[in-house]
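One structure is given below, encoded as structure tokens.
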Amino acid sequence: MKNVRLLKKWFIIAVLFFVCVIGSTIIGVAQSPNIVIDGTNVYCSQSDLKFPFWLKAGQTIAKGTGVLSISAIEYTIAASPSGDNILLFVQVKNITTVEPVPAGKTWKVESVLLSTSFSSNSSGWTDEGTTVHLTTNTDKVGIGVTSPTAVLHLKAGTATSNTASFKIDAGTLLSSPEAGAIENDGTHIYWSKDNSNRYQLDQQNNGANTALSNLASVAINTSLLPASDNSIDLGSSSFYWANAYTKKIYFNASATINSVSTNSLSILGTNITLGSYSNIIIGDYSVFYPNTSLLTELGTTNRYWLKTYTQKLYLNSTAYLDGTTAGAIAITGNIGVGTAPGSALDVKGTLRLSGSSSGYVGLTTASAAGTTTYTLPNADGSNGQVLSTNGSANLSWTTPAGGFWTLMPGAPTRTSNTTFTITGDYTTLIAKGMIIKWTESSTVRVAMVSIPSTFSSPNTTVTIVGDAMASIDASSLKYGNIGAEPFIARFSYAGTVGATGTDVMNAFHAQEPMRVLGADMYAGTAGTTNSTTVNLVNATGTVTLSSPTLSSGVAATAAPQAPASSALSLALNDRIQVNVTAIQTTPAIDLYIKLYLFPTRYLNLN
């Protein structure tokens, strides 16, 4: 028995010697064997091995090309009760990756499981652990075919389910595109041409349409033709092309341009040019109109329509016909405005002739106008004549029967309390001393032209003195056939006006009710320094009619002094006296006063 134990000790010593010495020589202590296959021979990357062989602690073994797994027995090196080292069994290991021998352990490598289809010196697959690839880059892979003609050649599918050549399971898209990737997120199929852009490529509506993302483009380098039966549409009633860029569009003989909604056809170009002898035909009940009023023209200033055929021509309220030269608009036939014409020009309603700057003159007829046509005289009449009829609609110039008041010509317009204007030049008609009357809200007013009228085209300006002109009732301003001269009250003072005083000149008694219009004052010799002023008052001194003044060196007032108040009147037998209220250092000599009055009774005449 003792001999048996001794024999075991020597056997263990021999094994350890082989592991520590012989194994170090064959495998190499500092090296890690890599088991590989070449044809039918199996060898270590350092030297040929015979199975089984041993590895000590610290050495690493790796599963190399063509090796599926490596089988080894792991032992623990432990001390025996007698003090010698012995091997204790731990486990059987299946090595499929790169693994080192742990400290205090030894491995007995017994076998290697090899791939049956591998041949490293010609063709086949290489399994790199996490990747598997063809050993050579000239090989082709056939799936379902025995003679592949492409790098990857797939067998065609059939109508039977689960026989498709190629499928991609649905999943989550990559966090960012990768060049060459094809992905399926369960809704769409995507492909990426680079690491920045992902494009959608899939089917919609059961294969009826192929949809591209709005970033995709389709390049067509040949003709794009519909089916031979001309039944294929480009777009649909629900989906339109936003913009179509094309050099030319050709239509067949029966082609039409249809719109699915109002204003759906817009042409943004500058011109639409039709060839010679071309026509534009607009269907029944259609309207041809501009997009925006008053901004679109029919023709240009140097390109006109040769002829325009239309049954009716309608113009808006501000439209007009214009010709660049006299006679440019020639109309053959009759023109009716508001009515079917019965003559060359037939106007229904009021005819207006507008002034060049403002205002207008209108002519209108009675609502039941009859059928009268007047014949005008062949020449102008003389000043003051009027048109009159002979009872047979023939008009001639006649001199009207006399009347006291005549309507003021030229459309009078009030400009201030003392001025008004009339259109035209009437300076020869309207002069100082002319009496005018008008009404303000039916109240009669009267005044006198105080200075000569002036003309500045297109108006004559008239200045008045007397009643203030607050307004003018329509057609109420008239001038009298008699001026102010017959009704002037005159006062005089002979000698030097060297002192103030009351009732210093002759008195005046009103022979009838009269309106006070103003007063003028003259001096035979003008005084100097300060002013000479008089008051024209009634006998009791309670009513001041006017207070004319002569300044230093002035011998006559430039215009009549206005009455003390508007609409100032004298009653029958009212006595007027003159009071001198201010004198000059060098007194004026000889003083004369004109008080302009007008009998009230004339205001009631026609």
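In region 424-469, which strands (runs of 3 or more DSSP E) lie fully inside it and hold 2 or more residues that are of a type in the set (Val, Ile, Thr)?
Details: elements: 435-440, 443-449, 454-456, 459-466.
Filter on region 424-469 gives 435-440, 443-449, 459-466.
Quick check: is even one residue across region 514-524 surrounded by fewer than 22 Cβ atoms within 10 Å (Cβ to Cβ), assigned by TED's automatic domain parsing to the domain that holds ALA567 and not in a strand (DSSP E or B)?
No, that holds for no residue.
Are any residues in region 517-542 under 15 Å from ALA489 (Cβ atoms) and touching a residue at least 40 places away in the same chain (Cβ under 8 Å), and if so, which ones?
Residues satisfying the conditions are LEU517, GLY518, ALA519, ASP520, MET521, TYR522, VAL534, ASN535, LEU536, VAL537.
Based on what the data block shows, is ILE168 aliphatic (A, V, I, L, M) and over 21 Å from HIS133 (Cβ atoms)? Spell out the reasoning first.
On the way: aliphatic (A, V, I, L, M): yes; over 21 Å from HIS133 (Cβ atoms): no.
Judged against the criteria, ILE168 is not a match.
Polar (S, T, N, Q), within 51 Å of the chain's Cα centre (by Cα) and modelled with pLDDT of 80 or more: is that true of THR375 in this structure?
no
Could you tell me how many of the residues in region 182-209 are of a type in the set (S, T, N, Q) and modelled with pLDDT under 60?
Selection size over region 182-209: 5.
Please work out which one of (1) over 24 Å from ASN417 (Cβ atoms); (2) loosely packed, with under 15 Cβ neighbours inside 10 Å; (3) among the polar types (S, T, N, Q) is the condition GLN577 fails and give its number.
(2)
Exactly one condition in (1) among the hydrophobic types (A, V, I, L, M, F, W, C); (2) modelled with pLDDT under 95; (3) within 18 Å of ALA556 (Cα to Cα) is false for ALA510; which is it?
(3)
Go through region 473-512 and report how many residues are surrounded by 13 or more Cβ atoms within 10 Å (Cβ to Cβ), among the hydrophobic types (A, V, I, L, M, F, W, C) and in a strand (DSSP E or B).
Going through region 473-512 one residue at a time, the tally reaches 4.
Would you check if LEU88 is surrounded by fewer than 14 Cβ atoms within 10 Å (Cβ to Cβ), modelled with pLDDT of 80 or more and not in a loop (DSSP other than H, G, I, E, B)?
yes
Here's the yes/no breakdown for (1) closer than 24 Å to THR256 by Cβ; (2) modelled with pLDDT under 80:
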| site | (1), (2) |
| --- | --- |
| LEU274 | yes, yes |
| ILE280 | yes, no |
| LYS312 | no, yes |
| LEU315 | no, yes |
| TYR320 | no, yes |
| GLY323 | no, yes |
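Residues that are in contact (Cβ under 8 Å) with a residue 60 or more places away in the chain and touching a Phe, Trp or Tyr at 6+ places or on another chain (Cβ under 8 Å), at least 2 per element: which strands (runs of 3 or more DSSP E) completely within region 543-602 meet that?
Output list reads 575-582, 589-599.
Name the residues in region 461-474 that are of a type in the set (Gly, Ala, Ser) and within 50 Å of the chain's Cα centre (by Cα), would you? First the steps, then the outcome.
Taking region 461-474 as the starting set, the residues that turn out to be of a type in the set (Gly, Ala, Ser) are 466, 468, 470-471, 474.
The answer is ALA470, SER471, ALA474.
Could you please give the count of residues in region 453-472 that are in contact with a Gly (Cβ under 8 Å, 6 or more places away or on another chain) and surrounded by fewer than 17 Cβ atoms within 10 Å (Cβ to Cβ)?
Of the residues in that region, 1 qualify.
Tell me which residues, restricted to region 131-145, are exposed (fewer than 10 other Cβ atoms within 10 Å of the Cβ) and either closer than 28 Å to TYR199 by Cβ or modelled with pLDDT of 85 or more (or both).
Narrowing region 131-145 to residues exposed (fewer than 10 other Cβ atoms within 10 Å of the Cβ): 131-132, 137-138.
Hit for region 131-145 is THR131, nothing else.
Does THR106 fit the bill of being farther than 30 Å from ALA150 by Cα and either surrounded by 16 or more Cβ atoms within 10 Å (Cβ to Cβ) or at pLDDT 85 or above (or both)?
In short, yes.
Being small (Gly, Ala, Ser) and either modelled with pLDDT of 95 or more or over 57 Å from the mean Cα position of the chain (by Cα) (or both) is the filter; apply it to region 442-455 and report the residue that is farthest from LEU605 (Cα to Cα).
Among them, the one singled out is SER453.
The values are calculated or read from the model by the stated rules, or taken from the named source; none is laboratory data. Since we're looking at a predicted model, the values are computed, not measured. Please note: Cβ atoms are built from the backbone with ideal geometry, for glycine as well, and neighbour counts cover all protein chains shown.
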